[in-house]
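The values are calculated or read from the model by the stated rules, or taken from the named source; none is laboratory data. In this text the structure is predicted, and so the values were computed from the model without any measurement. Because the Cβ atoms are built from the backbone with ideal geometry, glycine has one as well, and the counts that use them run over all protein chains shown. Accessible surface areas use protein heavy atoms only, side chains included; no ligands, DNA or RNA. Shrake-Rupley method; radii C 1.70, N 1.55, O 1.52, S 1.80 Å.
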Amino acid sequence: MTSELTNVNQKKSSAKKIGFWGCSALVVGNMIGSGVFLLPSTLAAFGSLAILGWLFTSAGAIVLALVFGSLARQSTRTGGPYAWTKDGYGEFPGFLVAWGYWIAIWSGNAAIAVAFSGYIAYFFPAVADNNLLGLFIALSAIWTVTYINIRGVHSAGVLQMLTTVLKILPLFFIILLATVEFNPAHFTPFNPTNESTGAGIVACAALTLWAFLGLESATVPADNVENPSRTIPMATICGVVFASIVYILVTVAIFGLMPRDELMQSTAPLADAANIVVGEWGGLFIAIGACIATFGTLNGFTLLSGQVPLGAARDHVFPNWFSKVTPQDTPARSLVISNILASLLVIMNFSKGLVEQFTFIILLATLTTLVPYIFCALAEIMIWLRQGCDSDKKPKRVTIFLSAVAFCYSLWAIYGAGSEVVFYGFLFLLAGVPFHVGIKWAAQNKQYKTGE
């Protein structure tokens with residue numbers, strides 16, 4: 001998702017177009033974030049079913065990547081999912097997609113801040129035991145990066161580059177540790193839940209999909225990609241496959257290093273696992289790396305929380321109020337409003353434990369992203385129908401099949417999010433309808449006055 005910011009920056013410069021490696025880095029960098037550092041604790045309750053959940057989610061993400069790649073071959077217009085939805089279904093669905101993305105971003109900010117607080121708890125255990133202290137840490141992180149972004153995109157960009165370089169190191173370190181000490185007994189029982197295997201896999205898949213949000217990153221700046229009809233599909237698929245391998249290896253490593261009961265209670269699972277194997281220095285290394293990586297991810301999402309409503313407002317999809325920028329060319333209004341909402345979401349859930357907070361919020365962010373995915377699943381067919389059913393552009397049978405699978409998978413993942421998350425998620429989506437009506441009302445009044 002951070003590719004939307006990249007697109008804005010690229011339009012302001014005459015930089016060369018992005019090639020395969022640049023697009024691949026965009027996809028991988030946007031997917032691998034805070035989720036993998038805290039998800040093992042969330043997934044521990046499902047036992048070995050979690051591995052099957054990762055496999056199902058990986059397969060679904062690859063199908064979605066294929067669908068996005070096919071759409072990119074048909075249309076290289078900048079905007080990715082929002083542009084395709086608007087082309088295929090019309091203006092109002094396009095608004096819902098933009099609205100859903102915005103909700104996913106600021107609710108994602110809340111989840112990342114909670115994950116950051118969890119890893120701070122490794123150094124200060126009182127944070128894990130005192131919900132109010134954990135709330136303070138999470139809110140402090142949100143508003144620190146908001147301040148950095150208000151100062152200017154350059155400052156935020158420098159921070160993002162530094163933290164991205166350090167993001168992968170703790171993950172490979174924990175995979176390496178698993179080759180030293182690994183206990184297969186930790187993988188039993190296979191299904192420790194009271195639900196059926198199928199229901200457990202569905203629940204796991206809904207959780208793990210959080211780690212794949214952003215798989216569409218390479219599609220958004222299509223105008224700035226070299227040979228987009230070939231580069232975007234290849235980069236998207238390769239990026240998703242690479243991230244899938246990393247996620248599965250990290251989860252297997254953690255499960256093999258820590259007993260399930262201990263893992264379920266951990267707010268810093270990778271650090272705790274490293275501490276078990278190599279002692280305190282290993283835990284410190286992982287925890288520091290996780291804090292840096294999580295803080296960097298929070299910074300990246302904060303960048304988007306300003307840029308997405310800014311871009312939507314300039315396209316007359318969001319209220320014009322969001323299009324205002326400071327003398328430093330930063331969307332301060334969008335940043336402040338977005339992160340007030342993120343803060344309120346953290347506050348609403350502060351009575352829960354860190355892991356429980358993280359679980360609820362990532363499901364909410366995932367749900368609001370799945371809605372755009374569902375629209376995009378069938379967008380190529382709709383675009384063809386709206387263009388007059390030109391036989392030369394008719395989607396191939398394999399495209400229709402993949403579209404159907406992607407739609408069913410996204411619907412399945414929404415089901416797995418649970419009734420509470422679906423309830424709140426759709427309330428958030430429907431809350432956007434008055435904004436759309438207000439935008440159209442303002443546009444109509446302006447047109448009427450101009451006509452006078």
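A few notes on this one:
- For the range 311-351, the set of trypsin sites (Lys or Arg not before Pro) satisfying both a DSSP loop assignment and a count of at most 10 other C-beta atoms within 10 Å is empty.
- Note on the range 85-110 and the range 301-352: Cα centroid distance 14 Å, given to the nearest whole angstrom.
- Fully extending the segment from F123 to W21, taken as 0.36 nm per residue of separation minus the present Cα-Cα distance, adds 33.0 nm.
- Ordering of 297-308, 185-196, 365-376, 399-410 by packing is 297-308, 365-376, 399-410, 185-196, highest average first (other Cβ atoms within 10 Å, averaged per residue).
- On the beta carbon distance between W143 and I400, with R0 = 51 Å, the FRET formula returns roughly 0.60.
- Among F182, F360, the sequence by solvent-accessible area, most first, with a 1.4 Å probe is F182, F360.
- Applying 0.36 nm per residue to the separation of L344 and L411 and subtracting their alpha-carbon distance, the gain on full extension is 21.3 nm.
- With R₀ set to 51 Å, the beta-carbon distance separating N183 from Q328 gives a calculated FRET efficiency near 0.45.
- Computed from point charges on the beta carbon alone (+1 for Lys and Arg, -1 for Asp and Glu), the dipole magnitude for the range 179-327 about its Cα centre is near 380 Debye.
- Per-residue ³J(HN,Hα) for the range 208-213, Karplus 6.51 cos²θ - 1.76 cosθ + 1.60, θ = phi - 60°, Hz, x for Gly and Pro: 6, 4, 3, 6, 9, 4
- The packing ranking of peptides 412-420, 235-243, 38-46, highest mean first, is 38-46, 235-243, 412-420, where packing means the average number of other beta carbon atoms within 10 angstrom of each residue.
- Taking all protein chains as they are arranged and a probe of 1.4 Å, the heavy atoms of L213 leave approximately 10 Å² accessible to solvent.
- Rounded to the nearest Hz, the phi-derived 3J(HN,Hα) couplings of the range 236-243 under the Karplus curve 6.51 cos²θ - 1.76 cosθ + 1.60 (θ = phi - 60°) are 5, 5, 4, x, 5, 5, 4, 4, where x marks glycine and proline.
- For Y147, solvent-accessible area (1.4 Å; no DNA, RNA or ligand), Å²: 140 Å²
- Under the Karplus curve 6.51 cos²θ - 1.76 cosθ + 1.60, θ = phi - 60°, whole-Hz ³J(HN,Hα) for the range 109-123, x wherever Gly or Pro sits: 4, 4, 5, 5, 5, 5, 5, 4, 4, x, 7, 5, 4, 5, 8
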